[in-house]
Amino acid sequence: MDWAFSDEVIPPCVVGFMILLPDPIPIPQKATWFTSTDESAPELRETAQIPQSGVDPIHLDDEGRNFVSLRFWQMRDESPIPFAHENELLMKAFAAMHPGDHDNPHPDDSGLGDETADDLELEERYRTVVEAVTFHSAEPTASTPIDRCLKALLQFHRAYRMMADRPLSVLTVKRLFPLALVFTRALEDTTVTPLGLYALNGSPPNLGGLVSEIRREVFDQVAGLQKRLDQYDPLARFLESRTDAAYELHGPGSYRDAIIHLGIACEVLFDGLLGMLMWEEGTPVERAAEVFSAPITTRIKNQFHPRLKGTWKLDRGELGAWSVEVAGVRNRVVHAGYLPTMQEALAAEAAADQLRDFVARKLANAGSQYPYTGLTFFGEGDVPHGIPTLNKSARKWVEENRANLSTKGDQHRKWREAVNDDVARRG
């Protein structure tokens, strides 16, 4: 992350950040958590860090390693009581949509929403602010002070979640309040100098504003997309998990969840496509279940080339990128609890999109053998030059079978459900 105050902070010195958490964590007021890092800070050799006045100093190690100290402040939350305003919005919407029913509550009725607020016997509410402090050494390091502090904060919260009395969302940088207050002080001093506000790489809270109105033609596609999902359409199911991944990656910034969803998206694409190809060939349920009982890499190596031609090796091209950037990282996440970086999540996202394009190109060349599968992927609309689409023979088949397209979708769904049941019985 860019270090906005690099020109104003002259090392060596201590740098601190006041960071507001999205959810309060009920730990003792001014509780302090301290951790050393692997980064060298020669100025810290044989020194001590005093977290707060009256507390015994923490003696740093003799090697002069850097540190991060987190101190937690519980601040009284005086924002409006939850649900009172939301209740008022519900009542206003109801009255607007049913204006002729005078027995319904009206948004201008006195006391609207007050009863809900008054009847809630809420304990005093708090928000948690973290004071994160680290050392800014004159010796160059790979990370900036803000990166170091955020990493330590996420590490602490990761452990805290397992001990919390109630379930908490995973803390990510993008879930933090997007501004942090920055200050600095000399190592041997106690007086701090505030520098200003620093914008984290986060997103502001959801303020409820409509960014843009969805176009009517897009709205009308929703019902069709839902039907495609119900009919085991491989592209629709890929896009569903791809959307989940995009939200985790670009929304809250949960890179682990993004990787998992991208892994699901790609495997759904492989399995859904192969299943539709086999159904269009007329493959019996028992034979298909036998194929789908094998590992996914075996299916990729043995089942796609005879049908779609081309290279389906896992050590090169788009399949190689999927194997390394998506499947490889996903396996580390699932089997070893690995926490991927943003760069790894972005690389996996790109690899998943490249895989989708690779599959589309192969399928476009097999339109005469698999016209229904091609129609499912590409539709019938015009596309820019160079984008895979239905070929001439596939379009001819679509015109000849247009009256039966809906029936064929239901036939594929029933066939796929039978295959899935058979695979499940095989264990």
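The values are calculated or read from the model by the stated rules, or taken from the named source; none is laboratory data. If you're wondering where the values come from, they're calculated on a predicted model, not measured in any experiment. Glycine also receives a Cβ, built like all others from the backbone with ideal geometry; neighbour counts cover every protein chain displayed. Quick note on the areas: whole protein, heavy atoms, side chains included, nothing else; ligands and nucleic acids left out. Shrake-Rupley method; radii C 1.70, N 1.55, O 1.52, S 1.80 Å.
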* Asked: Are any of the residues in the range 349-365 part of a helix (DSSP H, G or I), open to solvent by 10 Å² or more (accessible area, probe 1.4 Å), over 27 Å from residue 225 (Cβ atoms) and touching an Asp or Glu at 6+ places or on another chain (Cβ under 6 Å)?
  -> no
* Asked: Can you tell which of 313, 301 is open to solvent by 50 Å² or more (accessible area, probe 1.4 Å), more than 15 Å from residue 260 (Cβ to Cβ) and assigned to a helix (DSSP H, G or I)?
  -> 301
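Scan the range 339-349 and give yes if some residue there is within 21 Å of residue 388 (Cβ to Cβ) and in contact with a helix residue (DSSP H, G or I) (Cβ under 8 Å, 6 or more places away or on another chain), otherwise no.
Here is the first cut: in the range 339-349, the ones within 21 Å of residue 388 (Cβ to Cβ) are 349.
Now drop any that are not in contact with a helix residue (DSSP H, G or I) (Cβ under 8 Å, 6 or more places away or on another chain), which leaves 349.
There is at least one residue in the range 339-349 that is within 21 Å of residue 388 (Cβ to Cβ) and in contact with a helix residue (DSSP H, G or I) (Cβ under 8 Å, 6 or more places away or on another chain).
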* Restricting attention to the range 274-284, does a residue exist that is more than 14 Å from residue 423 (Cβ to Cβ), open to solvent by 50 Å² or more (accessible area, probe 1.4 Å) and not in a loop (DSSP other than H, G, I, E, B)? -> yes
* Structure fact -> Result of the Cβ filter at 6 Å on the range 23-49, keeping first residues that are over 30 Å from residue 75 (Cβ atoms) and partners that are at pLDDT below 85, at least 6 apart or interchain, is 41/64; 42/64; 44/60; 44/64; 45/64; 47/60
* To do: Taking only the range 151-209 into account, find how many residues are touching a helix residue (DSSP H, G or I) at 6+ places or on another chain (Cβ under 6 Å) and at pLDDT below 85.
  => 4
* To do: Out of 325, 318, report the one residue that is part of a helix (DSSP H, G or I), modelled with pLDDT under 95 and more than 19 Å from residue 367 (Cα to Cα).
  => 318
* What are the residues in the range 328-348 that are within 18 Å of residue 158 (Cβ to Cβ), surrounded by 13 or more Cβ atoms within 10 Å (Cβ to Cβ) and not aromatic (Phe, Trp, Tyr), if any? -> 332, 333, 334, 339, 340, 342, 344, 345
* Before we move on, is residue 242 of a type in the set (Lys, Arg), open to solvent by 70 Å² or more (accessible area, probe 1.4 Å), part of a helix (DSSP H, G or I) and out of contact with any Phe, Trp or Tyr (no Cβ under 8 Å at 6 or more places or on another chain)? -> no
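Within the range 1-17, can you find the residues that are of a type in the set (A, V, I, L, M) and either in contact with a strand residue (DSSP E or B) (Cβ under 8 Å, 6 or more places away or on another chain) or modelled with pLDDT of 90 or more (or both)? Please lay out each step first, then the result.
Keep residues of the range 1-17 that are of a type in the set (A, V, I, L, M), which gives 1, 4, 9-10, 14-15.
Residues satisfying the conditions are 4, 9, 14, 15.
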* **residue 56, sole failed condition from (1) over 18 Å from residue 185 (Cα atoms); (2) modelled with pLDDT of 80 or more; (3) loosely packed, with under 13 Cβ neighbours inside 10 Å** => (2)
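Quick one: in the range 366-390, of everything that is open to solvent by 50 Å² or more (accessible area, probe 1.4 Å) and not small (Gly, Ala, Ser), which residue is modelled with the lowest pLDDT? It would help to see each step written out before you state the result.
Within the range 366-390, the subset open to solvent by 50 Å² or more (accessible area, probe 1.4 Å) is 368-369, 380, 382-387.
The next check asks that each one be not small (Gly, Ala, Ser); those that pass are 369, 380, 382-385, 387.
On the way: 369: 93, 380: 81, 382: 71, 383: 66, 384: 69, 385: 71, 387: 78.
Checking each candidate, the answer is 383.
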* the range 123-163, residues that are crowded, with 22+ Cβ neighbours inside 10 Å and among the charged types (D, E, K, R) -> 148
* Asked: Are any of the residues in the range 103-119 under 33 Å from the mean Cα position of the chain (by Cα), closer than 30 Å to residue 175 by Cβ, modelled with pLDDT under 90 and assigned to a loop (DSSP other than H, G, I, E, B)?
  -> no
* **First in the range 397-425 and assigned to a helix (DSSP H, G or I), second anywhere and open to solvent by less than 90 Å² (accessible area, probe 1.4 Å) and among the small types (Gly, Ala, Ser), Cβ under 7 Å, 6 or more apart** => 416/275; 419/275; 419/288; 419/289; 422/289; 423/289; 423/293
* Give the range 285-295 a look and list any residue that's open to solvent by 30 Å² or more (accessible area, probe 1.4 Å), touching a helix residue (DSSP H, G or I) at 6+ places or on another chain (Cβ under 7 Å) and part of a helix (DSSP H, G or I), or say none. => 285, 286
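What's the total number of residues in the range 367-390 that are of a type outside the set (A, V, I, L, M, F, W, C), under 26 Å from residue 416 (Cα atoms), part of a loop (DSSP other than H, G, I, E, B) and without any contact (Cβ under 8 Å) to a residue 40 or more places away in the chain? Lay out the reasoning, then the answer.
Let us first name the residues in the range 367-390 that are of a type outside the set (A, V, I, L, M, F, W, C), namely 367-374, 376, 379-382, 384-386, 388-389.
Next cut, under 26 Å from residue 416 (Cα atoms) only: 367-374, 376, 379-380, 388-389.
Now restrict to residues that are part of a loop (DSSP other than H, G, I, E, B): 367-370, 379-380, 388-389.
Adding the requirement that they be without any contact (Cβ under 8 Å) to a residue 40 or more places away in the chain leaves 367-368, 379-380, 388-389.
Count: 6.
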* Structure fact -> Condition set of a type outside the set (Val, Ile, Thr) and in a loop (DSSP other than H, G, I, E, B), scope the range 164-176, selection most open to solvent (accessible area, probe 1.4 Å): answer is 165
